[in-house]
Structures are given as structure tokens and as C-alpha cells.
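Encoded as C-alpha cells, the structure appears first; notes follow it.
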Amino acid sequence: DLVTFSTNYWWEANIVRGPDGSLIAGSDDFFVYCFSDTGERRWVYRTGFLIWAAAAFGDDGTVYIPSFDMRVYALDLTTGALKWKTDLGNAIVAAPAIGDDGTLYVGAFDGRLYALDSESGKVKWSVATGGHIYASAGLAPDGAVYVTSTDGMLYSLDGRDGSVLWTFFAGNAIRSSPAIGPDPERKDDYLVYFGGGN
């Protein structure tokens, strides 16, 4: 009963459990699916292309999911109704990260990290890296945003305006998300962990 132009019918994206216990997953058939925790299909929403990214959830009952169709979608978690969609102009496979102030951080294949207003979808700022962004951003407790790029760099950004605080060159393409964790030596407030192509 679902019409699609896709010839792929497999799950590429990770399945994510929502705050209400529902399961959200994007598929290569262009659809976002919401299932109950018992496997009953609650709703389906069709995007314009493949979905490889995992969903993220807002405190207001919104689920955010990007698609290869270059758009980020904000859907009502209960009904699947569209709240907004924003075209970023390039394919997106990285899951969004949501800051404490509601800012949505999304990397795209044009090599830019975008900061979106989660209520409207409006782009607040964007910053360019030297390669496509494949992985989700990491958010630190001090407001810094960390993003990796296939240019081999880890970028530390100011979450308020996207200004580059510093960079670290890993020597090869990076397609893993940075993780924020404790410093075992307790010299710093936190460390940034990531895996590289080398």
C-alpha cells in the first residue's frame, strides 16, 4: 500500500527508540517508519530519496530525520505529520545532534555543518570543512561542537556562531562521530574520541 520509486527495500539507517518507546527507522525505500514497541506500524512518511541517517528527538515530541534528498524533516512523533522541512542543497547521511538550546546540528555531503532552529528549520549558520561530512556532530558540555570530515580534520566549533576554535588533522578521512568522554588523567574537563581512516 506504499508507493515508491525506489528499487531498494532494505534498512540502511539505524533504528532509534523514541522517548515514548516507539521505534523510528528510515529505509532505502524513501520512507520513515514509526513502529510501536510491539512491532505495530503506527505511521509512515515518504521523503524524496534514500534514508541512511538515524533520527533524533526533541523535547516537544518532534522527530528529526535527514534524507539523501537533501532535506531535514521535522515530524510529529505521535502522528508523523510534517512540521517543517529544510533543503540543505546536498545529501545528508549524518544523524542530527540537538543542543541544550534546541539548535539542530547537521552535517552534509557539501562538507558543511549546519545549525538549524529546531522550531522553524531556519538555518542559523553553517561552516565549511574540506570534505564531505559523514558522521554526526558531538556536543560538549561547554557549548563546543565537534565535527569530523573526510578532509581528515576534527573541527572544534563555537556552538553559538560556528566559529572555528581549533582543528586537528588525523592524516586520513574521518567517517566516525566524535564522542565526548572523561579524561582518565583528569587533566582536562573532557576528551574528544574518534576513529580515523588511518
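Looking only at the range 121-145, count every residue that is under 10 Å from Tyr105 (Cα atoms) and buried (at least 19 other Cβ atoms within 10 Å of the Cβ) and tell me the total.
Matching residues across the range 121-145 total 5.
What number of residues in the range 148-179 are in contact with a Gly (Cβ under 6 Å, 6 or more places away or on another chain) and β-branched (Val, Ile, Thr)?
2
Does the range 88-95 contain any residue that is within 14 Å of the chain's Cα centre (by Cα), of a type in the set (S, T, N, Q) and either surrounded by fewer than 19 Cβ atoms within 10 Å (Cβ to Cβ) or at pLDDT below 95 (or both)?
Yes: one or more hits.
Starting from the range 155-170, take each residue that is touching a residue at least 60 places away in the same chain (Cβ under 8 Å) and list its partners that are loosely packed, with under 15 Cβ neighbours inside 10 Å, counting only C-beta distances under 8 angstrom and pairs at least six apart or across chains.
From the range 155-170, the pairs are Gly159/Gly143.
Please specify each residue of the range 135-168 satisfying the condition of being among the β-branched types (Val, Ile, Thr) and not in a loop (DSSP other than H, G, I, E, B).
Result: Val145, Val147, Thr148, Val164, Thr167.
Open to solvent by 10 Å² or more (accessible area, probe 1.4 Å) and farther than 26 Å from Ala170 by Cβ, is that true of Asp110?
Criteria not met by Asp110.
Would you mind stating whether Leu75 is in contact with a Phe, Trp or Tyr (Cβ under 6 Å, 6 or more places away or on another chain), open to solvent by less than 10 Å² (accessible area, probe 1.4 Å) and closer than 24 Å to Val123 by Cα?
Yes, satisfied.
Look through Tyr33, Tyr45, Tyr64, Tyr73 and report the one residue that is without any contact (Cβ under 8 Å) to a residue 24 or more places away in the chain and aromatic (Phe, Trp, Tyr).
Selected residue: Tyr33, the only one of Tyr33, Tyr45, Tyr64, Tyr73 that is without any contact (Cβ under 8 Å) to a residue 24 or more places away in the chain and aromatic (Phe, Trp, Tyr).
Out of the residues in the range 99-116 meeting the condition of being in contact with a strand residue (DSSP E or B) (Cβ under 8 Å, 6 or more places away or on another chain) and hydrophobic (A, V, I, L, M, F, W, C), tell me which one is farthest from Tyr134 (Cα to Cα).
Within the range 99-116, the match that is farthest from Tyr134 (Cα to Cα) is Leu116.
The values are calculated or read from the model by the stated rules, or taken from the named source; none is laboratory data. Not measured: the values here are computed from a predicted model. Methodologically, a virtual Cβ is constructed for each residue, glycine included, from the backbone with ideal geometry; neighbour enumeration extends over all protein chains shown. For accessibility, only protein heavy atoms count, side chains too; no ligands or nucleic acids. Shrake-Rupley method; radii C 1.70, N 1.55, O 1.52, S 1.80 Å.
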